[in-house]
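Each remark here refers to the structure printed beneath this line.
The numbers here are math on the coordinates, done by the rules we state, and not lab data. The structure displayed is predicted, hence computed values, not measured ones. Cβ coordinates were reconstructed from backbone atoms using ideal geometry, including for glycine residues, and neighbour counts include every protein chain displayed.
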Amino acid sequence: MGERPVPARVRPSWDDYFITIAWVVSSRSSCSRRAVGALIVTDKRIVSTGYNGTPFGVANCDEGGCPRCASDEPAQAGYDWCLCVHAEQNAIALAARQGTATQGATIYVTLRPCFGCLKEAIQAGIREIVFDQPFDYLPSLEEAYQTLVRQSGITLRQHNYSAAHPVPPLAAPAVHQTGPEMPDVTE
Ligand SMILES: [Zn+2]
Ligand SMILES: [Zn+2]
Ligand SMILES: [Zn+2]
């Protein structure tokens, strides 16, 4: 008996690996609007995960738990009365619950973080945000967003899938392909 040939294994990059897991995390979302997943990574170890949905003890969003999400309020409107906790907020809050440090971490998220989640990530000591799908803001908010990114020094970048590890099936292809690219803010 000779040696069994070992097939070449193409391993995903860390970024492909973590962003793909973020999509799996998003599959647990209960939000009736859009499923988002996030994970917090320190030294290449996942220390927390989060997906969007109503807080613990509150009826799930897709069961009518959030009146705003169930209304015809357009995207980006009515956030002040939305009961859903964002994926990034949940990942940060669940780390806090468990006493897990987020200082110096990277957060992987399937959608570019909103203004609120960006602020919270900065305050949690997160140094880098890697997101998949873009999200457009009105110019005034975009300007404030970019100022915050620049002055805080946080790194924000959109993930590019490698040819060997294309967009995972859970990602919404239409949104992914038609969304505008983010401006390069990381220099
Ligand atoms: Zn919702
Ligand atoms: Zn909501
Ligand atoms: Zn958010």
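Of note:
- D (Stokes-Einstein, µm²/s), Kirkwood Cα radius, the chain, 0.692 mPa s at 37 °C: 188 µm²/s
- Every helix of 4 or more DSSP H residues in the chain counts as -39500 (n - 2.57), and over all residues that averages to -9000 deg cm²/dmol at 222 nm.
- For the stretch 71-167, the square roots of the Cα gyration tensor eigenvalues, ordered a ≥ b ≥ c, give a/c below 1.5, which places it in the rounded category.
- The amide H of Q133, built 1.01 Å from its N in the peptide plane, has L111, R112 as neighbours under 5 Å, considering only residues 5 or more places off or on other chains.
- This ranking places I46, I92 by how few other beta-carbon atoms lie within 10 Å of each, fewest first, which gives I46, I92.
- Label zone at L83 (point 7 Å along Cα-to-Cβ), backbone N below 18 Å, the stretch 43-67: 51-67
- Remark: relative contact order (the stretch 28-171) = 21 percent; criterion is Cα-Cα distance under 8 angstrom and separation of 6 or more residues.
- Quotient of C-alpha Rg and 2.2 N^0.38 Å, computed over the stretch 1-67: 1.69
- Of all DSSP bridge pairs formed entirely within the chain, close to 55 percent run antiparallel.
- One Cα centroid belongs to the stretch 5-84, the other to the stretch 139-162; the line between them spans 20 Å.
- Point-to-point label distance, R4-Q76, nm (Cα→Cβ direction, 7 Å offset): 5.5 nm
- Shape parameters for the stretch 28-98, alpha-carbon atoms, Rg then Dmax in Å: 12.9, 42
- Vicinal HN-Hα couplings computed from phi for the stretch 33-47 (Karplus, 6.51 cos²θ - 1.76 cosθ + 1.60; Hz; Gly/Pro x): 8, 8, 8, 10, x, 9, 9, 9, 10, 10, 6, 6, 10, 6, 10
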